[in-house]
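The values are calculated or read from the model by the stated rules, or taken from the named source; none is laboratory data. Just so you know, these numbers come straight off a predicted model, no measurement behind them. As a convention, Cβ positions derive from the backbone with ideal geometry for all residues, glycine included, and neighbour counts pool all protein chains shown.
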Amino acid sequence: MRWRGRGLGQTAAATGLVAFVLLYVFPCFPTLNNPNENVRFYMTASLVEDGTYAIDAVRARWGRVNDGACVDLAPDGARSPCTTPEPAPGVVRHRYSVKAPGTSWLGVPAYALYRALRSPARFDRVEALWAVRVGGTILPMLVFFWCFHRWLGRFTRHRALRDAVFFSTALGSLLCGYSLLFVSHATGAAAAFGAFMLLERAHHRPAARSERAAVALAALAGLLAAGASFLEYHAIFVSVLLCAYALVALRGPRRFTRYLAFVLGALVPTVAMMQFQYRAFGNPLSPGHLFVEANAWRALYHHGLFGADRFRPEAAFRLLFDRRLGLLTMTPILLIAPWGAARLLRKGRARVDAAVALVCVLATYAFICSMNIWDGGWVVGPRYLAVIVPFVAWFALVGLDRLAQHAPRLAVATAAGALLAGLVASGIPSVYYPHLPPGLDAPLVELFPVLLSHGFAPYNAGAFLGLFGTWSMVPVFAVWGLCFAWVLYEGRRVAAVDRVAPLGARAGALTTAAALATAGALLGPSFLAPRPSAAADAAVAFITRTWAPAGHDRAASLRASLAASVGAMPLEARTEEARRLAQTYRAEHRDEEANLVERRYRLAAPVAPEPPNGAPR
């Protein structure tokens, strides 16, 4: 099945919209000290500045960060985890990143370039972090999204369906949030599915025009297949399965040359990872999780296979359907994936490809459900499942294409509605605060109405135009709206099996209404009011109290207005302004600040005296 309009202009425009969002916003919260990102950033800085994997010098300069491995090196060369506050006499203590090293290496060119362009006196850690995010995560993801869009076009004749799945994956899933951070979840998924796309192409086009090009693509497939676990340790199952898939896919008149090229490509990240693990932890085959600095976390990794000890039914459900963690809740277009997988498995041409993809999905899902830290802590979506998102998206596209063969307008409405739901459920957390704490049960109800209505916004390019607060995020919202309208516009001509039927104005309006109704139905469970929770209130208070950039939200504006009004505003007006500030703090669950304002401006109602016994109140 092939799509007839595979123009570069469509791909360039679609990828350009994704690039705008990823380059426009910069959600950065230094107070949070996100260990998932910072420990990788520390290692990048150490590689550039000191030429070492050890992060001791950077840690001494920038402060402590979690997700670090602490290694005591004895005089005889033996390495052991740190179990005491200080090393024993003669023992040298080093600290390393406990993460897979791939992301840190990806950030090296951007960090080195930033240091070359900035004098030491003007070095800014936040600017450097932005540089490595762009060079180490965003640009690689944009390359992947370009290729992904092109590849999806081969599996449907409907541009609307292709682009709905594409935008849902790039902007309406957890891949958006992790494309904005200097972490490995999105790039690991890109590497894994990039290898799969290359191998699928080789599988169905064994007689390439140029044998040299076929060998080069085989080497690149090997590099990406092994690179997935070089970026993300738990992607090892996907890497192994892709290597097995290569035995089938890389056939042709000179298959052994292609096999050799694949192996040589795979050896590059494999040897690099083994060298890192040997230098840091003394064992080329073991990651650093057994050396985690925090004793409690290190104990968890000693259970089973690095923390995977038993299957957890709660994890199996919540990783798919939870309002904070659920993959299908946050990217509902993936709900149709089982139909697409079944369709592919019944087709002789794609049966092997679909089987490999399905096993990659199920193996990763089963492994994460068996981990004792399956929820991932402060996350946007199930971050440990990021590697399977493109595989499931492919299944979803095939399912939608199958639906379009029977009910084309319904398929367009379903795809557009699911896209809109994903942009709300995943897009808003991704661009605003991609570190949702466990205390939040329903972020779309508990957190984001406060952020949106009170003028909180992350760092973004709107500042160059003098835009701050919620208004500065309007360009992002406009891009989301354009993506939704794009899919509906392309759906104006829906393909039946043997003919193309144009949609009239009335039918187009009905399709739009059906898409909006679908989005509402898919988002409905996420907006159900949760039970009152002290943990959720504390999470909202912490996020609003430590927001960056500060000074542009409603409470900050009211504080500034009160500070500037001393002697210039009537007492009654100042009192009303203070009351509004206290109410704003209450809405943000910052009761301590609200109490302080009420005491300072004497806003608390006086306590009535206790009436005599028997007297009516």
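Exactly one residue out of ARG125, ARG115, ARG133 is charged (D, E, K, R) and buried (at least 21 other Cβ atoms within 10 Å of the Cβ): that is ARG133.
Within the stretch 469-500, the residues that satisfy the criterion of being touching a strand residue (DSSP E or B) at 6+ places or on another chain (Cβ under 6 Å) and either modelled with pLDDT of 90 or more or surrounded by fewer than 14 Cβ atoms within 10 Å (Cβ to Cβ) (or both) are SER472, VAL500.
Residues are listed down the side, and each one gets a yes or a no for (1) in contact with an Asp or Glu (Cβ under 7 Å, 6 or more places away or on another chain); (2) at pLDDT 95 or above:
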{"site": "ARG2", "(1), (2)": "no, no"}
{"site": "VAL21", "(1), (2)": "no, yes"}
{"site": "ASN36", "(1), (2)": "yes, no"}
{"site": "VAL65", "(1), (2)": "no, no"}
{"site": "GLY90", "(1), (2)": "no, no"}
{"site": "PRO109", "(1), (2)": "no, yes"}
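With respect to LEU325, is the statement that it is part of a loop (DSSP other than H, G, I, E, B) and under 25 Å from SER229 (Cβ atoms) true? In short, yes.
Screening VAL431 on (1) closer than 21 Å to GLY172 by Cβ; (2) under 17 Å from the mean Cα position of the chain (by Cα); (3) outside any helix (DSSP H, G or I) shows it passes everything except condition (3). Does at least one position in the stretch 377-389 carry a residue that is free of Cβ contacts under 8 Å to residues at least 60 places away in the same chain, within 18 Å of the chain's Cα centre (by Cα), at positive phi and not in a helix (DSSP H, G or I)? No, there is no match, as no residue in the stretch 377-389 is free of Cβ contacts under 8 Å to residues at least 60 places away in the same chain, within 18 Å of the chain's Cα centre (by Cα), at positive phi and not in a helix (DSSP H, G or I).
Rundown of residues vs (1) of a type outside the set (A, V, I, L, M); (2) surrounded by fewer than 18 Cβ atoms within 10 Å (Cβ to Cβ); (3) within 30 Å of ALA478 (Cα to Cα), yes/no style:
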site	(1), (2), (3)
VAL21	no, no, yes
PHE26	yes, no, yes
VAL71	no, no, no
ASP76	yes, yes, no
SER97	yes, no, no
VAL108	no, yes, no
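So is VAL292 modelled with pLDDT of 95 or more, of a type in the set (Val, Ile, Thr), crowded, with 20+ Cβ neighbours inside 10 Å and within 23 Å of PHE182 (Cα to Cα) or not? Answer is no for this residue. Here the stretch 343-371 is the region considered, the condition is being of a type in the set (Ser, Thr, Tyr) and in a helix (DSSP H, G or I), and the residue that is surrounded by the fewest Cβ atoms within 10 Å (Cβ to Cβ) is TYR365.
When restricted to residues that are of a type in the set (Ser, Thr, Tyr), in a helix (DSSP H, G or I) and without any contact (Cβ under 8 Å) to a residue 24 or more places away in the chain, the stretch 35-78 contains 1.
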